[in-house]
Amino acid sequence: MQNKFQQIGGLLALLVVTAPAQIDNNWIELANLRQDVSLLTQRVGELTMTVEQLNRENTSLQAKTNQSFVTLDQLNRAVADLNRVMQSALAEQKRETLSQIGGQLERLAKQTQAAIEAVAKNQAMRPAVQTTFTEDFPKEGVNYTVVSGDTLSGIAKKTGAKLTDIRNANKISDDTKIRVGQTLFIPQGK
């Protein structure tokens, strides 16, 4: 910038000494130089503002670097600690779940045992299953087809036949083993 001012000063001195035709050219050149100086001054102002902005940003970045950041080692330790806590919580949850399941299995086993004992008790109370049959029943009678809801004792009442005669004639050892659609011979008394 100082060079520009020296050039302007030199040109002014030259203008005073030179001829009038030269003066016009010098005035034009002087006007151009003034315009160049004005543009340079404007550009210097812009650059000054840019430098100031960069200085502010640099100061801001330096302030941020002074903040404490976590190192990779610290982060790895934190993750490892978190994993240990989660594994411990999962193990505890697993123990609780297994304990609950164990309790439920124990209750189910007791219920099953009680049901088995009830079935065994009912079996003991049932009359002995007839395994031998006699031919001592009337040989005349009718056929009867079992319908839904029928029982052997109910059929005997309906038909007026003796229950033992129906058992012997059809060789039925378990009264509960008749089925819908089955045809039974119902002996009729003489």
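Just so it is clear, none of the values below were taken in a lab; they were calculated from the coordinates. Not measured: the values here are computed from a predicted model. Glycine also receives a Cβ, built like all others from the backbone with ideal geometry; neighbour counts cover every protein chain displayed.
Brief remarks follow.
- Here's the list of aspartates and glutamates a cross-link from Lys171 could span, going by alpha-carbon distance under 17 Å and ignoring same-chain residues fewer than 8 apart: Glu135, Asp136, Glu140.
- Peptides 169-176, 100-107 ordered by average Cβ neighbours within 10 Å, highest first: 169-176, 100-107
- Measuring between alpha carbons in the structure, the pairs from Lys139/Lys162; Lys121/Lys157; Lys121/Lys162 lying more than 20 angstrom apart are Lys121/Lys157; Lys121/Lys162.
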